[in-house]
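Chemist: Structure in C-alpha cells, see below.
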C-alpha cells in the first residue's frame with residue numbers, strides 16, 4: 001500500500017509539472033504575439049510621422065528658391081539652422097477661396113508637402129470687405145498675431161472698386177505694413193492683385209496703379225495676371241464664376257500653380 005501511494009504521488013508530480021510547463025509556454029507565446037502586434041501597430045505611425053516631419057535642407061532650399069526676395073531667403077535659412085518653421089501668411093479677400101478648392105488652400109498644401117511641415121507653416125486669412133472696412137475693423141491685428149516671416153497680401157482691390165479711392169486704398173496698405181513691421185521689422189511683404197475679370201474697365205486702372213505702388217515702395221509684386229487670358233477675351237470666362245467676380249475651379253487651379261511655381265522654382 002505504501003509503495004502504491006508513493007507511485008501515485010510521483011505520477012501526480014509528473015502531471016502537475018507537465019501541465020505547468022505547458023501553461024507557461026502558452027502564456028509566453030500569447031505574450032510574444034501580443035508584443036509583436038503592438039510593435040506592428042506602433043511602427044506604422046512612426047513611418048507616418050517621419051513623412052510628416054520631412055525637413056528640407058539649405059542646399060535643397062537654394063535650388064528651388066530662385067524667385068524668393070533676398071531678405072526672405074536669408075530668414076528661411078536662419079529658421080532652418082534654428083530648427084523652427086518659417087511662417088508664410090496668405091491674406092486677402094474671398095478670392096483666396098474658402099475651402100480646399102480655393103487656390104490659397106491648394107498652394108498651402110503644395111508648399112508644406114514640398115518643404116515639409118517642420119520647415120514651413122502656411123496660414124490663411126480671408127476677409128470679406130473693402131480695404132477701408134479692413135482698417136476700420138482693425139483686422140491688421142490678425143496679421144500681426146500670425147507672427148509670420150512673410151505675408152503675401154491681396155489688398156481687396158476688386159472690393160474697393162467704386163467704393164474706395166485708389167489713393168486711399170494705397171494709404172491703407174501703407175498703414176497695414178507699418179503696423180506689422182512695428183512688431184516685426186524683418187517681415188517681408190509681397191503684394192499681388194486679386195483675380196482679373198472679363199471686360200474690365202476702371203478695375204484695370206486700379207491694378208495698374210497697384211503695381212506702380214508696389215514698384216515705388218520697393219515691394220515685391222506677384223503678377224499672376226500674366227498667366228490668365230486677357231480680360232477683353234472671352235477665353236477668360238471659363239476661369240471665372242458665373243458672376244464674373246471670383247475665380248472658378250479652373251481659375252483657382254491657375255492661380256495656385258502660379259503662386260506655387262513662384263515659391264518652388266523648377
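Chemist: On full extension of the chain, what length is gained from residue 201 through residue 138, given 0.36 nm per residue of separation minus the C-alpha to C-alpha distance?
Modeler: Details: separation 63, 0.36 × 63 = 22.68 nm, distance 3.05 nm.
Once the chain is fully extended between residue 201 and residue 138, it gains 19.6 nm.
Chemist: Quick check: residue separation of residue 232 and residue 113 times 0.36 nm, minus the Cα distance between them. What number comes out in nm? Working shown, then result.
Modeler: Values: separation 119, 0.36 × 119 = 42.84 nm, distance 3.65 nm.
That pair, residue 232 and residue 113, stretches by 39.2 nm at full extension.
Chemist: Want the number for residue 66 to residue 243: 0.36 nm per residue separation, take away the alpha-carbon distance, what's left? Present the calculation step by step, with values, prior to reporting the outcome.
Modeler: Details: separation 177, 0.36 × 177 = 63.72 nm, distance 3.69 nm.
Here the answer is 60.0 nm.
Chemist: Taking the alpha-carbon centroid of each part, what is the distance from segment 85-161 to segment 51-80 in angstrom?
Modeler: Using only Cα atoms, the two centres lie 20 Å from each other.
Chemist: Let me ask you something else. What shape does segment 207-266 take by its C-alpha gyration tensor, where a ≥ b ≥ c are the square roots of the eigenvalues and a/c under 1.5 counts as rounded, a/b above b/c as prolate, and the rest as oblate? Could the numbers behind the result be given before it?
Modeler: Numbers: a/c = 2.50, a/b = 1.38, b/c = 1.81.
Since a/c reaches 1.5 but b/c is at least a/b, the shape of segment 207-266 is classed as oblate.
Chemist: Moving to a separate point now. For a quick check: sort 123, 261, 160 by the number of other beta carbons within 10 angstrom, fewest at the front.
Modeler: So the residues, fewest neighbours to most, are 261, 123, 160.
Chemist: Using the 10 angstrom Cβ neighbour count as an exposure proxy, how do 130, 174, 260 rank, fewest first? Please list the in-between numbers first.
Modeler: Values: 130 22, 174 13, 260 18.
Starting with the residue having the fewest Cβ neighbours, the order is 174, 260, 130.
Chemist: Next question, about the same structure. Which of the peptides 103-109, 66-72 is most tightly packed, and how do the rest follow, judged by the mean count of other Cβ atoms within 10 Å per residue? Let's see the in-between values first.
Modeler: Numbers: 103-109: 21.7, 66-72: 15.0.
The peptides rank, most packed first, as 103-109, 66-72.
Quick note: the coordinates plus some simple rules give every number you see, no bench work behind them. Bear in mind that the values here come from a model prediction, so they are computed numbers and not experimental data. We place every Cβ from the backbone using ideal geometry, glycine too, and count neighbours over all the protein chains shown.
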